[in-house]
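Only one structure is covered here, and it is reproduced in the block below.
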Amino acid sequence: MTDLSKSGLPTQQLIEFDNVAVSVTDINRSADWYGRLFGFRRGYSTYIEPLEADFQILERDDIRIELLSRATTVRNPDADIVPGPHIDRTGAKAIVFRTSSLEAVTSHLENEGAVFEWKLKPLSADGLRSTMVRDPDGTIINILQYP
């Protein structure tokens with residue numbers, strides 16, 4: 001393994017963010033859902049031998065989501081925990097997008113039959129608002145509109 005601190009190059013010149021990985025029970029259903037609700041298109045896909053998992057990259061603009069699924073993948077029993085208590089345990093909590101038109105995004109999600117945790121919810125006194133939905137396996141998708 002290379003010691004990056006001795007390479008003479010700052011880490012930010014050596015790496016860049018690639019994607020967020022999400023385990024799903026049905027890779028095709030999830031790819032279709034992310035495409036229909038958020039405009040993602042299917043990119044690179046393969047089978048990852050060491051993980052015995054299907055691998056699908058979803059792309060939109062400069063955003064990428066990695067879907068992973070194995071024959072033994074099951075829905076996380078914590079997938080339905082309500083927002084708030086969900087942050088009492090460590091780990092990734094949500095995929096978060098931002099918008100300047102939360103009303104329009106919320107309307108689109110309603111038209112597509114999204115499962116909502118909340119719609120157009122004020123989060124702070126300074127005007128931060130959110131619409132929160134869940135993907136087919138319960139992963140939280142939070143859409144923020146900053147003041």
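No lab work stands behind these numbers, since they all come straight from the coordinates. Not measured: the values here are computed from a predicted model. Here the Cβ is made from the backbone with ideal geometry for all residues, glycine too, and neighbour counts use every protein chain on show.
Rank by packing, highest mean first: peptides 137-144, 58-65, with packing defined as the count of other Cβ atoms within 10 Å averaged across residues.
Highest to lowest by the protection proxy: 137-144, 58-65.
I want the local charge near residue 142. Using Cβ-Cβ distances under 14 Å, sum +1 for each Lys or Arg and -1 for each Asp or Glu among the other residues.
Working: positive: 93, 98, 119, 121, 129, 134; negative: 117, 135.
Net local charge, residue 142 excluded: +4.
Calculate how steeply helix 27-38 sits against the longest principal axis of the alpha-carbon atoms of the chain, using the helix alpha-carbon long axis, and give the answer as 0 to 90 degrees to the nearest 10.
The helix 27-38 is inclined about 50 degrees to the chain.
Using the crude model of +1 on Lys and Arg Cβ and -1 on Asp and Glu Cβ, and no other charge, please compute the dipole size for region 1-107 relative to its Cα centre, in debye to 20. Walk me through the numbers before you get to the answer.
Details: 12 positive and 16 negative charges, 33 e Å.
The dipole magnitude comes to about 160 debye.
Which length gain, in nm to one decimal place, applies between residue 29 and residue 108 when the Cα-Cα distance is subtracted from 0.36 nm times their residue separation?
On the way: separation 79, 0.36 × 79 = 28.44 nm, distance 1.88 nm.
Between residue 29 and residue 108, full extension yields an extra 26.6 nm.
Suppose the chain between residue 51 and residue 21 were pulled fully straight at 0.36 nm per residue; how much longer would it get relative to their current alpha carbon spacing?
Gain on stretching residue 51 to residue 21: 9.4 nm.
For residue 115 and residue 13 in one chain, what is 0.36 nm times their gap in residues minus the Cα-Cα distance, to one decimal in nm?
Values: separation 102, 0.36 × 102 = 36.72 nm, distance 3.99 nm.
Residue separation times 0.36 nm, minus the Cα-Cα distance, leaves 32.7 nm.
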